[in-house]
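Quick notes on the structure that follows.
The values are calculated or read from the model by the stated rules, or taken from the named source; none is laboratory data. Given the structure is predicted, the values throughout are model-derived calculations rather than measurements. Every residue, glycine among them, receives a Cβ derived from its backbone with ideal geometry; neighbour counts consider all protein chains shown. All accessible areas refer to the heavy atoms of the entire protein, side chains included, with ligands and DNA or RNA removed. Shrake-Rupley method; radii C 1.70, N 1.55, O 1.52, S 1.80 Å.
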Amino acid sequence: MKAAVLHGAGDIRIESYRQPELRPGMVLLRTHRVGLCGTDLHYYEHGYNGTFVPDRPFILGHELSAEVAAVGEDVDTVKVGQRVTVNPSRSCGFCVYCKGGQINLCRKIIMLGSASTTPPTDGALAEFVVVRADQCHLLPADMDDGIGAMMEPLSVALHAIRRAGTVSGKRVLVIGGGTIGLLVAMTARAFGAVPVAVSDIVAARRQKAVELGVDVALDPAARDLHEKVRELAGLGFDMVFEASGAPPALRSAFDLVSPGGTIVQIGTVGAGDIPIPVNQLMVREINFRGSMRYGDTFDEAIRLVAAGRINVNSLINNVFALEDSVKALHLAADKSLALKVQIKP
């Protein structure tokens with residue numbers, strides 16, 4: 001099959017690649033659309049992602065919509081010809097976390113397009129990809145392929161909202177106006193949060209947030225930031241979602257959250273430890289929670305989008321052919337121009 005194969009930092013090649021083997025319980029998918037995210041950019045720009053260093057060339061991509069091309073033995077949940085989106089994170093199904101409903105915490109997860117395993121697990125930037133049948137989620141007949149591929153990042157946002165608790169009527173701040181941050185803001189708004197604010201250092205992303213319906217966009221470098229926060233939220237926001245992955249942004253979250261409020265950490269803040277104001281955490285009884293990928297959120301994401309509650313199509317900037325994967329990655333890296341860039345294998 002034809003695939004975009006990562007050979008090292010800045011080195012992606014379009015080449016003939018072994019088609020994945022179809023085994024019992026698995027499904028062979030013909031890829032229709034693949035979204036690029038920050039993880040793909042880390043691998044492309046540096047050759048690795050955090051502590052995950054690939055030991056051989058492999059295929060990136062984990063946000064996808066596809067058509068079922070073939071099914072393995074014992075598969076009766078999907079049929080050839082059906083269109084699906086995919087939970088790219090394959091848990092073991094047997095550990096205490098999987099049995100307890102926390103599949104995202106499974107210690108044996110196999111992630112598409114990732115060097116978290118040795119050897120790396122090939123992803124979706126290819127004509128075909130194989131996944132376990134239970135990773136597939138059926139798409140409505142009238143849902144566009146590009147929208148279908150957005151169910152993965154929307155599931156990240158939905159899981160973060162769940163980690164925060166009930167958002168209805170709460171004052172919410174999202175730090176970081178990239179795809180995930182904007183999806184969190186849109187989801188919070190759909191679930192009744194008011195006001196919903198987005199903070200980002202990039203003016204174009206603040207403007208996009210306003211276009212998408214958030215109540216206010218904040219410049220974290222503005223001298224009157226804290227004055228604006230007081231006008232919006234008094235002593236602070238009830239919930240702060242940190243989606244930028246920038247250490248200064250995380251530090252600012254502790255100053256912008258209200259006493260007794262909740263901070264949800266979504267962004268990855270590099271491999272090293274960073275200091276946090278533990279005394280503030282204690283004295284103001286701040287709830288500080290992590291949010292890792294997603295649990296059982298994909299079908300909920302599909303229903304919300306199908307019902308028109310969340311408009312993910314507005315985040316898709318460009319669609320490229322597989323042969324133009326390098327061009328697509330370069331555009332995706334430009335925060336002033338792109339939110340979600342997709343590839344159509």
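Could you check region 206-321 for helices (runs of 4 or more DSSP H) lying wholly inside it with 1 or more residues that are charged (D, E, K, R)?
Numbers: elements: 225-233, 247-256, 278-283, 298-306.
In region 206-321, the matching helices (runs of 4 or more DSSP H) lie at 225-233, 247-256, 298-306.
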Quick one: is Gly181 assigned to a loop (DSSP other than H, G, I, E, B) and closer than 21 Å to Met151 by Cα?
no
Which residues, counting only those in region 92-112, are assigned to a loop (DSSP other than H, G, I, E, B) and in contact with a Lys or Arg (Cβ under 7 Å, 6 or more places away or on another chain)?
Cys92, Cys95, Ile109
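Restricting attention to region 107-123, does a residue exist that is among the aliphatic types (A, V, I, L, M) and more than 24 Å from Cys95 (Cα to Cα)?
First, pick out the residues of region 107-123 that are among the aliphatic types (A, V, I, L, M): 109-112, 115.
Checking the rest, the ones that are also more than 24 Å from Cys95 (Cα to Cα) come to none.
No, region 107-123 contains no residue that is among the aliphatic types (A, V, I, L, M) and more than 24 Å from Cys95 (Cα to Cα).
Does region 269-324 hold any residues that are among the charged types (D, E, K, R) and in contact (Cβ under 8 Å) with a residue 60 or more places away in the chain, and which are they? It would help to see each step written out before you state the result.
So in region 269-324, the residues among the charged types (D, E, K, R) come out as 273, 284-285, 289, 293, 296, 299-300, 303, 309, 323-324.
Matches in region 269-324: Arg289, Arg293, Asp296, Asp299, Glu300, Arg309, Glu323.
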Consider Gly81 against the criteria (1) touching a helix residue (DSSP H, G or I) at 6+ places or on another chain (Cβ under 6 Å); (2) part of a loop (DSSP other than H, G, I, E, B): it satisfies all of them except one. Which criterion is unmet?
(1)
For region 183-202, what are the residues that are over 23 Å from Asp296 (Cβ atoms) and in contact with a strand residue (DSSP E or B) (Cβ under 9 Å, 6 or more places away or on another chain)?
Val194, Pro195, Val196, Ala197, Val198, Ser199, Asp200
With respect to Val326, determine if the residue is assigned to a helix (DSSP H, G or I) and more than 30 Å from Asp134 (Cα to Cα).
yes
I'm checking my understanding of the structure. Among residues of region 276-291 that are open to solvent by less than 70 Å² (accessible area, probe 1.4 Å) and of a type outside the set (S, T, N, Q), which one is nearest to Gly50 (Cα to Cα)?
Gly290
Criterion: over 15 Å from the mean Cα position of the chain (by Cα), touching a residue at least 40 places away in the same chain (Cβ under 8 Å) and under 21 Å from Ile343 (Cα atoms) - qualifying residue of Asp134, Asp55, Asp122
Asp122
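Taking the residues in region 292-344 that are among the β-branched types (Val, Ile, Thr) and open to solvent by 40 Å² or more (accessible area, probe 1.4 Å) as candidates, determine which candidate is nearest to Leu139 (Cα to Cα). Lay out the reasoning, then the answer.
Of the residues in region 292-344, the ones among the β-branched types (Val, Ile, Thr) are 297, 302, 305, 310, 312, 316, 319, 326, 341, 343.
With the extra rule that they be open to solvent by 40 Å² or more (accessible area, probe 1.4 Å), the set shrinks to 319, 326.
On the way: Val319: 20, Val326: 29 Å.
Selected residue: Val319.
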Region 182-227, subset β-branched (Val, Ile, Thr) and touching a Lys or Arg at 6+ places or on another chain (Cβ under 6 Å), residue most open to solvent (accessible area, probe 1.4 Å):
Val202
If the requirement is being modelled with pLDDT of 95 or more, on the phi > 0 side of the Ramachandran plot and open to solvent by less than 10 Å² (accessible area, probe 1.4 Å), which of these qualifies: Gly61, Gly146?
Gly61
Which one of the conditions (1) touching a strand residue (DSSP E or B) at 6+ places or on another chain (Cβ under 9 Å); (2) over 26 Å from Ser258 (Cβ atoms) does Gly295 fail to meet, given that it meets all the rest?
(1)
Tally, over region 153-174, of residues that are open to solvent by 10 Å² or more (accessible area, probe 1.4 Å) and not in a helix (DSSP H, G or I)
6
Within region 113-152, count every residue that is charged (D, E, K, R) and either in contact with a helix residue (DSSP H, G or I) (Cβ under 7 Å, 6 or more places away or on another chain) or part of a loop (DSSP other than H, G, I, E, B) (or both).
4
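Could you list all residues from region 72-92 that are over 16 Å from Leu112 (Cβ atoms) and either open to solvent by 50 Å² or more (accessible area, probe 1.4 Å) or of a type outside the set (Val, Ile, Thr) (or both)? Outline the logic, then answer.
The first filter runs over region 72-92 and keeps only residues over 16 Å from Leu112 (Cβ atoms), leaving 72-83.
Of everything in region 72-92, those that are over 16 Å from Leu112 (Cβ atoms) and either open to solvent by 50 Å² or more (accessible area, probe 1.4 Å) or of a type outside the set (Val, Ile, Thr) (or both) turn out to be Gly72, Glu73, Asp74, Asp76, Thr77, Lys79, Val80, Gly81, Gln82, Arg83.
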All positions within region 48-58 that are assigned to a loop (DSSP other than H, G, I, E, B), at pLDDT below 95 and not aliphatic (A, V, I, L, M)
Tyr48, Gly50, Thr51
For the subset of region 255-275 comprising residues that are surrounded by fewer than 16 Cβ atoms within 10 Å (Cβ to Cβ) and modelled with pLDDT of 95 or more, which member is farthest from Gly148 (Cα to Cα)?
Pro259
